[in-house]
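Q: Below are the structure tokens for one structure; questions will follow.
The values are calculated or read from the model by the stated rules, or taken from the named source; none is laboratory data. Given the structure is predicted, the values throughout are model-derived calculations rather than measurements. As a convention, Cβ positions derive from the backbone with ideal geometry for all residues, glycine included, and neighbour counts pool all protein chains shown. Only protein heavy atoms, including side chains, enter the accessible area calculation; ligands, DNA and RNA are left aside. Shrake-Rupley method; radii C 1.70, N 1.55, O 1.52, S 1.80 Å.
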Amino acid sequence: MSEMLNQFAKYDALELIGGRENLQYYEIIENLMTTVRKMVLAKSKPFKHGKHCLEATVDYYNFYGSLCFLLDNQHTFGLLNGLNTSQSISPLMKSLISNIMEVKQLHRLMPPTCLRSLDPQLSHSFDNYYTGIWNSLRGLANSNEFKSQEKKRKTLITKQCQENTRHLGRLLRQYNSVLVSRISFKIYHEINAQGCDVRLLDQTAKRLHQNFINHIRQINLDHILCIQSRIQRTMTGQCYVNILVYAKPNAEANFNIDLGQFRDIYEKDSIQLITFANNLLNKRFELFAKSNNFNEVNFEEWKVFFKYMLYPLNHYYYESKYIKPLFTTTLL
């Protein structure tokens, strides 16, 4: 597990990736991205030519390990291979998964320990085949498509960090400290028909999310300074919401809200869709402009934590007409 995922677990912040059940998928994506980033380096190759046979390189061992892991975990493999256009992962990841699928279908799986037993003709065939995979991934890594997506991810993260720093910096200059409530919940759908258009699900989820934001603004209007929120879908399609509420110091803001009051009912023709919220988490602490107290959170520490909150953007995010990967900011 990476340092970033360890930090999520350490600070009990797994709701930022949609819950503990999604940890395994991010671990796998991290592993695959580490593998593929090594494969696309200029000096990387699958095999080296020994005196009498092919010999696997370290990068081939890593590739083979990732390949076997995915093939042994068909649920995860099917999930990653079936992501739709709204579910954004790196083009390199998509290509690597496609290559693994092809290796499986063509029965080209080659354990490194079996290379020595291949006759020269088969050795030449496997060398060409896997070198082709390496060259294809390397070409994609240097393509405009990949560079454009990488730039978009970095820009999303940078702009979000800059916006949060700007807004919080202004508030902390005014108040010296603010109360932060980290709120999250999941959104569920019940429908009486098969194959509901995901755009309708996104629309009703977004509407429920907005109703919740409006509610907390109304009940705590005199105390709230700023709200930042985002809505996302996990790789399995589960919708979840993350909200940051910044309130005046010493405010008696209460966000232990009964989620049962938030239900969106859509009825048209023969379709009845009920969208509702559950699994509320509410964590509150005081954020100080400056503090040397070990038990207090200062602004510099918060900047680091907020960047952790944007971790999913490095690997996966969901984007549609109604659901965006960014935190939206409301100043009051």
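Q: On the given criteria, is VAL245 among the hydrophobic types (A, V, I, L, M, F, W, C), closer than 22 Å to GLU163 by Cα and part of a strand (DSSP E or B)?
A: Against the criterion (among the hydrophobic types (A, V, I, L, M, F, W, C), closer than 22 Å to GLU163 by Cα and part of a strand (DSSP E or B)), VAL245 qualifies.
Q: Would you point out which residue out of LEU280, LEU287, LEU313, LEU326 is closer than 30 Å to LYS94 by Cβ and not in a loop (DSSP other than H, G, I, E, B)?
A: LEU313
Q: Show the residue pairs that are 6+ apart or on different chains and have beta-carbon atoms under 8 Å apart, the first residue being within segment 221-237 and free of Cβ contacts under 8 Å to residues at least 40 places away in the same chain and assigned to a strand (DSSP E or B), the second being open to solvent by less than 30 Å² (accessible area, probe 1.4 Å) and of a type outside the set (Asp, Glu).
A: Partner pairs satisfying both residue conditions: none exist.
Q: Search segment 284-311 for residues being open to solvent by less than 10 Å² (accessible area, probe 1.4 Å) and touching a strand residue (DSSP E or B) at 6+ places or on another chain (Cβ under 9 Å), and hand back the single one that is farthest from ALA247 (Cα to Cα).
A: MET309
Q: A further question follows. Name the single residue that is most open to solvent (accessible area, probe 1.4 Å) among those in segment 98-119 being part of a helix (DSSP H, G or I) and under 19 Å from LEU54 (Cα atoms).
A: Filtering first and then ranking leaves ARG116.
Q: Quick test for you: out of ASN176, ASN220, ASN254, ASN250, pick the one residue that is farther than 30 Å from SER88 by Cβ, buried (at least 18 other Cβ atoms within 10 Å of the Cβ) and at pLDDT below 95.
A: ASN220 is the lone residue from the list that is farther than 30 Å from SER88 by Cβ, buried (at least 18 other Cβ atoms within 10 Å of the Cβ) and at pLDDT below 95.
Q: Within segment 1-20, which residues are part of a helix (DSSP H, G or I), open to solvent by 10 Å² or more (accessible area, probe 1.4 Å) and either free of Cβ contacts under 8 Å to residues at least 24 places away in the same chain or closer than 15 Å to ARG182 by Cβ (or both)?
A: Across segment 1-20, the qualifying residues are GLU3, ASN6, GLN7, ALA9, LYS10, LEU14, GLU15, ARG20.
Q: Restricting the first residue to segment 100-126 and requiring it to be within 16 Å of PHE69 (Cα to Cα), which pairs with a second residue that is in a loop (DSSP other than H, G, I, E, B) and not small (Gly, Ala, Ser) meet a Cβ separation below 8 Å and a spacing of at least six or different chains?
A: GLU102/ARG108; VAL103/LEU109
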